[in-house]
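Everything on this sheet refers to the single structure shown next.
Readers should treat all values here as calculations from the given coordinates under stated rules, not as data from a laboratory. Given the structure is predicted, the values throughout are model-derived calculations rather than measurements. Positions of Cβ are generated from backbone atoms using ideal geometry, with glycine treated the same way; all protein chains shown enter the neighbour counts.
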Amino acid sequence: MSEIVIIMGSPSDEPKLASGIKFLKDFAGAVEARAYPDESNLLRIGVRCLSSHRNPAGVDEFIETVNQNNENQRGNHSNDTIDVIIACAGMAAFLPSYIAAKTDIPVIGVPLSGSALNGFDALCSIAQSPPGVPIVTTAIDGIENGILCALRIVGLRNRYVRDQLKVAQAELSHKNKAADVEIWEHFAKTP
């Protein structure tokens, strides 16, 4: 079983992440429908609220548990691991770097708006992670792209996730084609 964990630094971040979390839950449901009864290829989702500034011990405990569980599962040649962590934070946005420094699991950093700089401070903080502490960085409030990137990583070893990504991409393409026709017709009728 594959797992993607989304971590927000504060409860006030949840509204910015809600649509992405819903998309990921729906996606996991579609994967389950495809994979059943092959439970080894299901997609599990975790959502946590941990702050590297306000509760560094809580973040440390989470990372230690994840690292230990993943190491045990690798030793058992199991696929039941956390594959990607999506760390979402605003302002100083230390959370993604803090996590990436303490694990070998891929970390995707999502800078969040909400500060006087509308998230630009968070974007710079995450994007400027020092050498040796890799973080994939999205646009400000880019949870959807962070999730899609995480799904692509998981899809490297989970064909059901990969197949469902193709379905999602086809749906996106269909919506864009429909919007194109609507816009074309609207402006073609305009004198």
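When we measure straight from the Cα of LYS25, which lysines land under 24 angstrom away, once same-chain ones fewer than 8 places off are left out? Answer for LYS25, where 24 Å is the Cα cut-off: LYS16, LYS166, LYS175, listed by chain and number.
Counting alpha carbon pairs within less than 8 Å and at least 6 residues apart, what relative contact order, in whole percent, applies to the chain? Walk me through the intermediate numbers first.
Numbers: 312 pairs, mean separation 40.2, N = 191.
Once normalised by length, the contact order is 21 percent.
Of the residues SER52, GLY29, GLY132, the one whose Cα sits farthest towards the positive end of the charge dipole of region 2-189 is GLY29 (charges of +1 on Lys and Arg Cβ, -1 on Asp and Glu Cβ, taken about the Cα centre). Answer with one residue from HIS186, ILE147, ASN158: the one whose Cα lies farthest towards the positive end of the charge dipole of region 140-191, charges on Cβ with Lys, Arg +1 and Asp, Glu -1. Of the listed residues, the answer is ASN158. The value of relative contact order for region 92-136, using C-alpha pairs under 8 Å at least six residues apart, is 46 percent. Helices meeting the span-like rule in the chain (full DSSP H runs, Cα extent of at least 15 Å along the helix axis, mean Kyte-Doolittle score of 1.0 or higher): 143-155. Decide, for the chain, between rounded, prolate and oblate: order the square roots of the alpha carbon gyration tensor eigenvalues as a ≥ b ≥ c, take rounded if a/c falls under 1.5, and otherwise choose prolate if a/b is larger than b/c, else oblate. Oblate.
Rounded to the nearest 20, the Cβ-based charge dipole of the chain about its Cα centre (Lys and Arg +1, Asp and Glu -1) stands at 300 debye.
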